[in-house]
Every structure is written in structure tokens, then in C-alpha cells.
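Before any comments, here is the structure.
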Amino acid sequence: MSITAIKGFNDILPAESDRWQYIEQTARRVFELNGFSEIRVPIMEKTELFRRSIGDATDIVEKEMYTFTDKGENSVTLRPEGTASVMRAFIEHKLYAQDPVAKLYYLGPMFRYERPQKGRYRQFHQIGAEITGVNAPLADAQVLNMLVQLFREIGLDEPSLQINSLGCPDCRPAYRASLVAFMEERLDRLCEDCRRRFTTNPLRILDCKVPGCIEATVGAPSVLDHLCGDCDDHFAGVKGYLDSTATPYSINHRMVRGLDYYTRTTFELVTGLLGSQSAVAAGGRYDGLISQLGGPAIPGIGFAIGFERVALLLGDKDFSRQPDLFIATMGVGERDFAFRLMHDLLRSGVRVEMEYEGKSLKSQMRRADKLGARYSVVIGENEVASGKAAFKRMKDGEQIEVPLKCEDIKKMME
Ligand code: HAM
């Protein structure tokens with residue numbers, strides 16, 4: 001019996017990876033334009049890192065981490081997200097010593113033991129960006145504008161931006177207390193998970209998808225009514241900058257996010273096209289995280305985009321790259337000639353394919369069609385002798401006679 005992949009772990013096959021490369025290249029371009037540099041961090045970390053950053057009372061840490069003991073008896077975890085690792089590296093290598101304002105981006109696989117369904121996998125991929133060292137709401141607006149710009153450049157206008165503020169350690173306890181008082185009277189209407197959350201992490205009840213819990217939380221107090229003066233001003237600043245750049249957004253005061261490190265601004269890019277997996281990107285501010293992980297008191301804000309969800313939104317759009325030229329040959333001697341010509345053309349940046357084995361001319365031309373080559377050329381004894389050949393433009397069949405030299409062929413194709 002053949003061996004299959006692990007449930008929730010996917011192969012990215014060639015047709016799909018063309019789309020992924022397009023997303024990745026667009027993201028790298030937009031991030032670099034905005035002054036971000038790539039950081040590459042390991043996919044496995046000490047378990048303690050995620051417990052301390054994401055929080056013990058979150059679904060991720062409670063139920064979803066791939067944690068195991070290695071041969072040295074250390075508890076290690078496949079990273080469920082990127083921010084904790086990036087901030088660990090930021091602290092460990094004292095990146096802040098040169099400049100507390102760091103703009104970092106990263107991409108790669110993340111691992112969560114969730115129930116797999118469309119848009120939700122156990123190994124999934126994120127592309128994320130983080131800015132450290134800026135308290136001002138300008139940084140929040142800049143990060144949001146970059147995210148929106150990225151989606152526009154990818155060609156997806158549909159996901160809409162929702163924002164919220166979760167306050168800070170000064171004002172959140174009062175909100176938490178008022179939410180607990182509200183929920184206390186409705187405890188019997190909550191699902192089992194939410195009854196547990198009621199004591200461990202009551203804000204998460206607002207995020208539960210169980211219909212009974214959604215009903216029970218109608219009319220729950222809004223976090224935005226409990227912000228302290230500073231958090232209120234900060235949120236007003238973020239909204240003001242978004243308005244001034246005409247970035248569309250809506251406010252969702254029930255957005256609580258599944259990671260405990262957030263303070264103040266949080267946000268999601270949501271779509272109606274992926275069923276219950278509505279967030280294609282998400283993030284927020286984490287002003288306490290770096291100090292919580294043993295670093296200096298430096299604030300941060302960032303987001304991560306779910307690669308698989310963006311790829312799903314792009315649908316069947318074809319991102320494959322077709323050859324510029326297919327060289328067909330009549331005989332063995334011409335094949336050697338064509339091989340050298342292909343070698344030279346490839347070195348000068350022309351995407352060329354040829355038939356490697358002695359197939360009939362008809363089957364070679366079928367292959368040129370199948371590959372979607374822009375041009376084809378047939379090389380026989382006459383062409384080798386005269387040093388010229390007729391190149392056929394495949395879309396309209398027009399024949400153009402050109403010397404069999406790299407520079408001439410390249411010029412003809414422009
Ligand atoms: P998150 O909301 O847990 O945030 O994940 C961000 C995005 O990753 C989600 O919006 C979704 O598109 C994608 N995603 C999450 N889980 C899965 C899954 N099981 N399958 C497929 N896609 C998934 C974070 O991870 C934070 N680190 C974001 C951040 C960066 N906050 C500040 N900086």
C-alpha cells in the first residue's frame with residue numbers, strides 16, 4: 001500500500017505553486033517597498049516561548065500545538081505562528097540595540113492541530129510583517145495601509161478591513177469585569193467551551209461560532225466603551241490616519257483575536273467567500289510582548305496573511321509561465337544543433353523548450369501547443385545550412401524569418 005501525507009498537511013503541486021509564487025513575489029515587493037527586511041527563524045522553538053506569548057488560556061496553547069519531548073528531554077513545539085519567534089530573535093540578537101525601530105517580514109509553514117476543512121489546515125503557511133519601536137498610531141495606519149495595498153496588488157479587492165481596540169492592561173480589567181457580569185446571567189446558554197472560557201479567558205466568548213453563544217452575547221458590553229483616555233486617543237488617531245488616506249474599514253467591537261499578546265489596535269481582513277474561515281489576514285499591536293519575553297519595553301505591531309486562503313481567493317486564475325520558444329527538429333544532427341542553440345538562448349534569458357527524444361514532427365508540434373509556447377521553429381538540414389529559420393508566432397500563425405542567432409531571435413520576440 002502506498003503512503004499518503006498526514007491529514008491536514010498538503011502538497012503544493014506545480015499548478016498551485018505558480019499561484020503561491022505570484023503571491024509571495026507580490027508580498028516581497030510591497031514589503032521591501034515599505035522598508036521591510038526578511039527575517040528567517042526556525043520552525044521549532046522551546047514550548048515555553050509560545051506559552052508565554054500566545055497565552056496558556058488560548059485555544060492554540062490549550063489544544064492546538066504540536067508539542068513533544070525531543071531526545072534530550074526538552075519540550076519543543078512546531079511554531080503555531082510567527083510573531084513569537086520573530087520577537088524571540090529580535091531580543092536574542094539585540095536587534096533593538098542598533099535601532100529599536102525594526103521592520104521585519106517572514107514567511108513559512110505554521111502548525112496547528114485544528115479540525116481540517118476548506119481554508120483550515122494543520123500545516124498552513126503565513127506571510128507576516130512586524131514593526132517594533134513605534135507607539136504612535138501612524139505605525140498602525142502604515143501597517144494597515146501596506147496590508148490593503150498588498151491585497152490590491154495581488155488583485156483582490158474583496159476582503160474588507162475590520163478594526164478594533166482591545167485596550168491596555170490599565171483599562172482591560174474593567175472591561176473584562178463588565179463582560180463577566182453580563183455573561184454571568186447567561187452562563188447556562190453557553191457551550192461547554194465557553195463556560196470554561198468564562199473563568200479562563202472571558203473575552204474569547206465573543207468569538208465563539210456556536211449559534212447559542214452568538215445569541216447569548218447579543219448586547220454584550222463593547223470594549224470600545226471601556227477604553228482609557230490614552231487608548232481612546234490612540235484608536236482615534238488610527239482611524240484618523242486611515243480616513244486621511246481614504247482606506248476603507250469598518251469597526252468590529254466584538255473582534256477579540258485568539259492570541260493573548262494583543263493590546264490596543266487589532267484587525268482582520270475578512271472575506272465572505274471562504275465559509276467560516278473568513279479571516280485571510282489578521283494582526284494587531286502587542287506593546288507588552290517584547291518585555292514579557294524578557295526584552296526591553298519596546299512596542300510592536302504586525303499581521304500575518306494566510307497563504308492558502310489567499311490562493312483559494314485567487315481561484316483558477318492561471319499563473320503558469322509558458323515557454324517563449326519551442327524548438328522542433330527533423331533529425332539527430334539538427335537536434336545537436338538545437339541543443340546548443342537552446343543552451344545559448346537560456347543563458348540569455350529566453351525560456352526555451354525542445355523535444356529531447358526523436359519524436360515525429362507532428363508530436364513535437366502537439367507538445368509546443370500543449371506547453372503554450374509563444375513561438376515555435378522547425379530546424380532541419382536547410383535551416384542548419386543557411387543559418388536561418390522561419391519562426392512561427394503561435395497565436396496567429398505568422399511566420400518570421402530570422403537568423404539562428406541568440407540576439408536576432410531575442411529581438412524578434414520583443
Ligand atoms: P492568526 O489570526 O492566528 O494571527 O493567523 C493569521 C492568519 O493565518 C489567519 O487570518 C488565517 O488567514 C491564517 N491561518 C490561521 N490558522 C490557519 C489554519 N489552521 N489554516 C489556514 N490558515 C490559517 C497570527 O498568527 C498572528 N501571529 C498575526 C500577527 C502578526 N499579529 C501580530 N503580528
Fully extended contour minus Cα-Cα distance, from Thr200 to Ser276, at 0.36 nm per residue: 24.9 nm
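What is the sum of charges, Lys and Arg at +1 and Asp and Glu at -1, for the other residues whose Cβ falls under 12 Å from the Cβ of Glu48? Each step should come with its number before you reach the end.
Working: positive: Lys46, Arg51, Arg52, Arg88; negative: Glu45, Asp56.
In short, +2.
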Residues of segment 312-350 with amide N under 14 Å of the 7 Å Cα→Cβ point at Arg29: none
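To the nearest 0.05, what FRET efficiency results for Ser178 and Lys63 with a Förster distance of 30 Å applied to their C-beta separation?
Numbers: r = 28 Å, r/R0 = 0.93.
Computed FRET efficiency for Ser178 and Lys63 comes out at 0.60.
Once the Cβ-Cβ distance between Asp396 and Asp18 is put in as r, and R0 is 30 Å, what FRET efficiency do you end up with, to the nearest 0.05? Don't skip to the answer; put the middle values down first.
Values: r = 26 Å, r/R0 = 0.86.
It comes to 0.70.
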Estimated D of the chain in µm² per second, where Rh is the Kirkwood radius over Cα pairs and Stokes-Einstein applies at 25 °C, 0.890 mPa s: 99 µm²/s
Rounded to the nearest 10 Å², the accessible area of Asp56 at probe 1.4 Å: 80 Å²
Residues of type lysines that Lys359 reaches as a straight line, Cα spacing below 29 Å, ignoring anything fewer than 8 places off in the same chain: Lys370, Lys388, Lys392, Lys395, Lys405, Lys410
Selected from Leu314, Leu227, Ile205, residue furthest toward positive end of dipole (the chain; charges at beta carbon): Leu314
25 °C / 0.890 mPa s Stokes-Einstein diffusion coefficient of segment 1-131, Kirkwood radius on C-alpha pairs, µm²/s: 149 µm²/s
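Can you compute the FRET efficiency between Met413 and Lys359 using 1/(1 + (r/R0)^6), with r the Cβ-Cβ distance and R0 = 22 Å? Round to the nearest 0.05.
Working: r = 25 Å, r/R0 = 1.12.
E between Met413 and Lys359, to the nearest 0.05, is 0.35.
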Leu273 - accessible surface, heavy atoms, 1.4 Å probe, Å² rounded to 10: 110 Å²
Base-10 log of normalised Debye intensity for segment 208-292 (one unit scatterer per alpha-carbon) at q = 0.13, 0.24, 0.26 Å⁻¹: -0.54, -1.41, -1.44
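Which net charge results when you count Lys and Arg as +1 and Asp and Glu as -1 among the other residues whose beta-carbon is under 13 Å from that of Pro137? The partial results should precede the final answer.
Details: positive: Lys239, Arg264, Arg285; negative: Asp140, Asp230, Asp232, Asp233, Asp243, Asp287.
Every neighbour counted, the sum reads -3.
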Helical contribution to [θ] at 222 nm, DSSP H n ≥ 4, -39,500 (n - 2.57), averaged over the chain, rounded to 500: -11500 deg cm²/dmol
The chain, relative contact order in percent, only Cα pairs under 8 angstrom and at least six apart counted: 16 percent
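If you stretched the chain out fully between Gln292 and Ile6, how much longer would it get, using 0.36 nm times the residue separation minus the C-alpha to C-alpha distance?
Here the segment from Gln292 to Ile6 would lengthen by 99.5 nm.
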Residue of Met44, Met394, Met110 that the Gaussian network model of the chain assigns the largest fluctuation, springs spanning Cα pairs under 10 Å: Met394
Gaussian network model of the chain, Cα within-10 Å springs - most flexible of Gln142, Gln322, Gln277: Gln322
Area accessible to solvent at Leu345, 1.4 Å probe radius, in Å²: 0 Å²
Segment 64-112: GluC sites (Glu not before Pro) falling in loop per DSSP and having at most 13 other Cβ within 10 Å: Glu73
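Loop only by DSSP, 10 or fewer other Cβ within 10 Å of the Cβ. Give me the GluC sites (Glu not before Pro) in segment 149-223 that pass, ordered by residue number.
Working: sites: Glu153, Glu184, Glu185, Glu192, Glu215; in loops: Glu185.
Those satisfying the criteria are Glu185.
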Antiparallel %, DSSP beta bridges [both residues in the chain], to 5: 80 percent
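Which value results for Rg/Rh of segment 325-412 when Rg is the Cα radius of gyration and Rh the Kirkwood radius based on the inverse mean 1/r? Walk me through the numbers on the way to the answer.
Details: Rg = 11.7 Å, Rh = 12.8 Å.
My calculation puts Rg/Rh at 0.91.
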Listed residues Ala15, Ala338, Ala84, most fluctuating in the chain (Gaussian network, C-alpha, under 10 Å): Ala338
Which listed pairs, of Lys71/Lys118; Lys7/Lys209; Lys71/Lys94, have C-alpha distances above 32 Å, in listed order: Lys71/Lys118
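The values are calculated or read from the model by the stated rules, or taken from the named source; none is laboratory data. Nothing here was measured: the structure is a model prediction, and the numbers come from that model. Virtual Cβ from ideal backbone geometry, glycine too; neighbours counted across all protein chains shown. Note: areas computed on protein heavy atoms with side chains; ligands, DNA, RNA excluded. Shrake-Rupley method; radii C 1.70, N 1.55, O 1.52, S 1.80 Å.
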